[in-house]
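**Q** I have a structure I would like to understand better, so I am pasting it below and will then ask my questions one at a time.
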């Protein structure tokens, strides 16, 4: 198993290219199950979750080839079963259920796994698919679904679930009639998925709003599509510039999707300027704590909560971070405290009081964004920080230590 070794204290300066979005690429890859023809995707990041998804697609009968950020896919010999050994490692795998039902009328998909950041049940996924005509049973930890052709439905989501919205949009593209999703999630990655499906011949409108309308079509055709840049990776590097008192330029950056993150960082005292595709972020004075509440998009993203906590841990003043999405997403707090952070938990809120200096130590990552948080804290800490269990990082950040090393970070990967 690998770990990252960081010698903190270096201000980061230079240019970082932003990779394709993991959270957009995964549902787009699984949506290729719906397409009768070849799909060509570009700007696909080189990540463990991408490799897992391509392995899953191969088991489902899709021809899939990844070369240098580009993927060629053809769902030419589909099979209806997604096995536990793959699905357990990545929660997004459950999104193959709806597309398989839409194409084949049957599916057997293991209940999902993924990061240990909360329950994240699939109840709303199944409830919506049932409204579209699917019938489900649970057997030996597998979801077994059957249907004739799915049909349109008017679906009111109890919560603007990202995965549920993506899942139902995909299934509805080949359903008979019109499906309307109310209280739909609005995340940019959902918009990217809908744009991809529309490029293949789907009829989706309203994506990016809380009401999405999908008019079912008989079939989808192959297309070429470029995956959007990763807003969470970009936000992480904005925090890296802030926490090291550095000066970074982010290129191929999804600026329009970062409003909430940019607002909070500038409120803390950071300077951020740029255009539609690039940002310059730098610090020329003291930062200070602020209050942050994670919310569904366009609110502050839960996937940036851990990173901004690392920054607030070594910024003067105090602030309260409230987690409004997941019930178990403060597992990085104990590890930050090992580095000298002063954080007090109370239910779904964390009071963060900035300290003068973090001190290097050995820490252990509990999930993907917690891993990034600990790396950021290590960049600012005095002395050496070892971040263990970084396989989480490899699921969601493309060559993180390489990109950071190119802008001045003293960081290296070692075997445990």
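The values are calculated or read from the model by the stated rules, or taken from the named source; none is laboratory data. Note that the structure is a prediction, hence the values are computed from the model and not measured. Don't worry about glycine lacking a Cβ; one is built from the backbone with ideal geometry, like all the others, and counts go over all protein chains shown.
**Q** Anything in region 335-347 that is surrounded by 15 or more Cβ atoms within 10 Å (Cβ to Cβ) and within 20 Å of residue 294 (Cα to Cα)? List them, or say none.
**A** Of everything in region 335-347, those that are surrounded by 15 or more Cβ atoms within 10 Å (Cβ to Cβ) and within 20 Å of residue 294 (Cα to Cα) turn out to be 336, 343.
**Q** If I filter region 34-55 for residues that are in a helix (DSSP H, G or I), out of contact with any helix residue (DSSP H, G or I) (no Cβ under 9 Å at 6 or more places or on another chain), without any contact (Cβ under 8 Å) to a residue 24 or more places away in the chain and closer than 22 Å to residue 223 by Cβ, do I get at least one hit?
**A** no
**Q** Another question about this same structure. Quick one: which of 169, 155 is part of a strand (DSSP E or B) and at negative phi?
**A** One residue alone meets the criteria, 155.
**Q** Only one of 168, 126 is within 23 Å of the chain's Cα centre (by Cα), closer than 20 Å to residue 92 by Cβ, modelled with pLDDT of 95 or more and crowded, with 20+ Cβ neighbours inside 10 Å. Can you tell me which? First the steps, then the outcome.
**A** On the way: 126 fails: modelled with pLDDT of 95 or more.
Within the list 168, 126, the selection yields 168.
**Q** Sticking with this one: Please work out if residue 94 is surrounded by 20 or more Cβ atoms within 10 Å (Cβ to Cβ), touching a residue at least 60 places away in the same chain (Cβ under 8 Å) and either farther than 20 Å from residue 228 by Cβ or touching a helix residue (DSSP H, G or I) at 6+ places or on another chain (Cβ under 9 Å) (or both).
**A** Criteria met by residue 94.
**Q** For region 348-416, list the helices (runs of 4 or more DSSP H) that sit wholly inside it and hold at least 1 residues that are surrounded by fewer than 23 Cβ atoms within 10 Å (Cβ to Cβ) and in contact with a strand residue (DSSP E or B) (Cβ under 7 Å, 6 or more places away or on another chain); which are they?
**A** Fully inside region 348-416 and qualifying: 400-406.
Residue by residue, here is whether (1) at pLDDT below 95; (2) within 21 Å of residue 198 (Cα to Cα); (3) touching a helix residue (DSSP H, G or I) at 6+ places or on another chain (Cβ under 6 Å) holds:
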{"position": "77", "(1), (2), (3)": "yes, no, no"}
{"position": "105", "(1), (2), (3)": "no, no, no"}
{"position": "110", "(1), (2), (3)": "yes, no, yes"}
{"position": "118", "(1), (2), (3)": "yes, no, no"}
{"position": "133", "(1), (2), (3)": "no, no, no"}
{"position": "142", "(1), (2), (3)": "yes, no, no"}
{"position": "152", "(1), (2), (3)": "no, yes, no"}
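**Q** Quick one: would you say residue 148 is outside the structural domain of residue 304 (by TED's automatic domain parsing), under 24 Å from residue 395 (Cβ atoms) and out of contact with any helix residue (DSSP H, G or I) (no Cβ under 7 Å at 6 or more places or on another chain)? Write out each step before concluding.
**A** Numbers: outside the structural domain of residue 304 (by TED's automatic domain parsing): yes; under 24 Å from residue 395 (Cβ atoms): no; out of contact with any helix residue (DSSP H, G or I) (no Cβ under 7 Å at 6 or more places or on another chain): yes.
Answer is no for this residue.
**Q** How about region 305-334: which of its residues are out of contact with any strand residue (DSSP E or B) (no Cβ under 9 Å at 6 or more places or on another chain) and at pLDDT below 95?
**A** Of everything in region 305-334, those that are out of contact with any strand residue (DSSP E or B) (no Cβ under 9 Å at 6 or more places or on another chain) and at pLDDT below 95 turn out to be 327, 328, 331.
**Q** Out of region 1-29, which residues are closer than 21 Å to residue 251 by Cβ and part of a strand (DSSP E or B)?
**A** Passing the criteria: 13, 14, 15, 16, 17, 20.
**Q** While we're here: State all residues of region 172-205 that are within 22 Å of the chain's Cα centre (by Cα) and either outside the structural domain of residue 35 (by TED's automatic domain parsing) or assigned to a loop (DSSP other than H, G, I, E, B) (or both); if no residue qualifies, say none.
**A** Hits for region 172-205 are 183, 184, 185, 186, 187.
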